[in-house]
Amino acid sequence: MLGLAIHTCGPDLGLALSNFDGETRHQTWPLGRDLSTQLHRILMEFISPYSWTDFSFLAVAQGPGGFTGTRIGVVTARTLAQQLEIPLFGVSSLAAVAQRALDESPAGSIADIAVEMQARREQLFTAVYTSTVDGLEPSHPDQVLTAETWEQALAQYPQPFHRVVTGDDLAATVVQVLDLAYGRWLRGDRPDWSAVLPYYGQHPVDL
């Protein structure tokens, strides 16, 4: 089988591909405003020597993140999954950050990861994810909070947590986007492309 992940929620493009049996590769590109004009060309070059019909599923970081970049990535992934008639997994960009923190920590050293990322108007994108036998589960769902409200929520959190502040390297977590999607695939999840919507911190926006 073969899976591909796309991450466009930050200033860079991130792509990851794996057959989950020894071959995994990933790369990021600092495209900025050139994302819309360069994405499809880079996709075709990146998946070579495979063809689109080789893929079993796609995954995409669905936000939160930048409005334009997130939308471009989700629209591209939805279009590909619809045309290929394969599952599309939407993965929170905050969940991918939490998974990277978990991957980089000694086994069993942390279970709860509090993630925050700068949003607009002096607010924060926030979430708390818990590591379980079935993967990451949101114990504090993705939402926009003021810094003060976020601190209050963490002060009342019932158990110890590891805190992560995201930077501009969101695209580097495309590997975790793919891994989280693969975990859901192994558990039998086969989401339809139409269920994946961009998330900007408040409510998903219909396409």
| Is it true that G22 is within 22 Å of A95 (Cβ to Cβ) and of a type in the set (G, A, S)? | no
| said: Is it the case, given these coordinates, that S92 is touching a strand residue (DSSP E or B) at 6+ places or on another chain (Cβ under 9 Å) and farther than 20 Å from P64 by Cβ? | reply: no
| Yes/no for E137 being in contact with a Leu (Cβ under 7 Å, 6 or more places away or on another chain) and not assigned by TED's automatic domain parsing to the domain that holds A181 | no
| field | Of all residues in segment 168-203 being farther than 19 Å from V74 by Cα and without any contact (Cβ under 8 Å) to a residue 40 or more places away in the chain, the one that is surrounded by the most Cβ atoms within 10 Å (Cβ to Cβ) | value | L186
| From the list G10, G22, G32, which residue is crowded, with 18+ Cβ neighbours inside 10 Å and assigned by TED's automatic domain parsing to the domain that holds I86? | G10
| task | Answer with yes or no whether Y182 is under 16 Å from the mean Cα position of the chain (by Cα), among the hydroxyl-bearing types (S, T, Y) and outside the structural domain of G32 (by TED's automatic domain parsing). | result | no
| task | Of all residues in segment 105-115, count the ones that are modelled with pLDDT of 90 or more and surrounded by fewer than 21 Cβ atoms within 10 Å (Cβ to Cβ). | result | 1
| message | Name the residue that is surrounded by the most Cβ atoms within 10 Å (Cβ to Cβ), counting only residues in segment 135-167 that are without any contact (Cβ under 8 Å) to a residue 40 or more places away in the chain and among the polar types (S, T, N, Q). | response | S139
| remark: Going through (1) in contact with a His (Cβ under 9 Å, 6 or more places away or on another chain); (2) assigned to a loop (DSSP other than H, G, I, E, B) one by one, C9 fails only at (1)
| request: Among residues belonging to segment 79-95 that are crowded, with 19+ Cβ neighbours inside 10 Å and over 20 Å from G188 (Cα atoms), point out the one that is nearest to the chain's Cα centre (by Cα). | output: S93
| Every pair of residues 6+ apart whose Cβ atoms lie under 6 Å, when the first sits in segment 106-128 and is touching a residue at least 12 places away in the same chain (Cβ under 8 Å) and within 13 Å of E151 (Cα to Cα) while the second is of a type in the set (S, T, Y) and surrounded by fewer than 22 Cβ atoms within 10 Å (Cβ to Cβ) | Q123/T146; V128/S139
| Residue identified as part of a helix (DSSP H, G or I), in contact (Cβ under 8 Å) with a residue 12 or more places away in the chain and surrounded by 11 or more Cβ atoms within 10 Å (Cβ to Cβ) among L17, L43 | L43
| said: For segment 54-78, give me the residue count where each residue is buried (at least 23 other Cβ atoms within 10 Å of the Cβ) and part of a loop (DSSP other than H, G, I, E, B). | reply: 4
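The values are calculated or read from the model by the stated rules, or taken from the named source; none is laboratory data. These numbers come from a predicted model, not from an experiment. Cβ: placed from backbone, ideal geometry, glycine included. Neighbour counts: every protein chain shown.
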